[in-house]
Amino acid sequence: ERNLFIIVTLKSLYLRVSELSEHAKWRPTMSDFTKDDDDFWYLTVFGKGNKVRSVTVPQAYLDYLKRYRHYRGLSSLPSPDEDSPMLNKLRGSGNMSSRQIRRIVEQSFDSAIKALYKDGFNEDANYLLAATTHWLRHTGATEDAGSRPLKHLADELGHASSETTDKNYIQSNIKDRARSGVKRKI
């Protein structure tokens, strides 16, 4: 459950590992998840450049959050004063480090790759061989790039400039552009 929660969180919220892990300047807790008066959920993260930002939480993500919290013996959804670590260590106290999170993601990828090869999905397995924790962030953002305004995607990713988002995520949809334009009239 913890592995699934980590992977879903990195991909669907477009997070860097450093934004999910504990370090000298940040200790993620469950109270970093908040809900506003309109029932929109957000996750506060401490990101690149020592900036705190709010990331919107999609409705479908809440099922994974509830599932993970149930696994940990916590109530259904976080409360504003909850001090539980976001990703508690199995041994010791506090949150997991970036290194621990990376290792879990790599082990999950390795298990998936082995299962794909076993089931004859060699091409998919070979593709997943190149996956990293940052690949999850990039994949999530790229998948959503066609359905979200550039400014919203840039804010979610924590990019100071929409130009960075456009260059790295929107332009990566060149095959979609090619598909949509292949039958243009001359």
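Laid out as a table, the results:
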quantity: Principal-axis tilt of helix 2-12 within the chain, Cα atoms, nearest 10 degrees; calculated: 50
quantity: Leu150-Ser180 FRET efficiency (beta carbon distance; Förster radius 22 Å; 0.05 resolution); calculated: 0.80
quantity: Computed label-point distance, nm, for sites Lys114 and His70 using a 7 Å Cα→Cβ extension; calculated: 2.8
quantity: Calculated from backbone phi, Karplus (6.51, -1.76, 1.60) coupling profile of segment 20-30 in Hz, x at Gly/Pro; calculated: 9, 9, 7, 8, 4, 9, 8, 10, x, 10, 5
quantity: Amide H contacts under 5 Å for Val57, placed H, 5+ residues apart; calculated: Trp41, Tyr42, Leu43
quantity: Inter-label distance for Glu1 and Lys35, nm, one decimal - labels placed 7 Å from Cα along Cα-to-Cβ; calculated: 1.9
quantity: Cleavage-rule hits, trypsin sites (Lys or Arg not before Pro), segment 1-92, DSSP coil, Cβ neighbours within 10 Å at most 11; calculated: Lys25, Arg91
quantity: Above-threshold pairs, the threshold being 24 Å between Cα atoms, out of Lys151/Lys183; Lys48/Lys114; Lys11/Lys89; Lys11/Lys66; calculated: Lys151/Lys183; Lys48/Lys114
quantity: Leading residue at positive end of dipole, the chain (Cβ point charges), from Asn122, Leu43, Ile6; calculated: Asn122
quantity: Accessible area expressed per residue, segment 37-144, with surrounding protein chains retained (probe 1.4 Å, Å²); calculated: 63
quantity: Rounded tilt (10° steps) of 61-71 against the dominant C-alpha axis of the chain; calculated: 40
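The values are calculated or read from the model by the stated rules, or taken from the named source; none is laboratory data. Predicted model, so just to flag it, every value in this text is computed and none were measured. As a convention, Cβ positions derive from the backbone with ideal geometry for all residues, glycine included, and neighbour counts pool all protein chains shown. Each accessible area value is taken on the protein alone, full model and side chains, heavy atoms only, with ligands, DNA and RNA left out. Shrake-Rupley method; radii C 1.70, N 1.55, O 1.52, S 1.80 Å.
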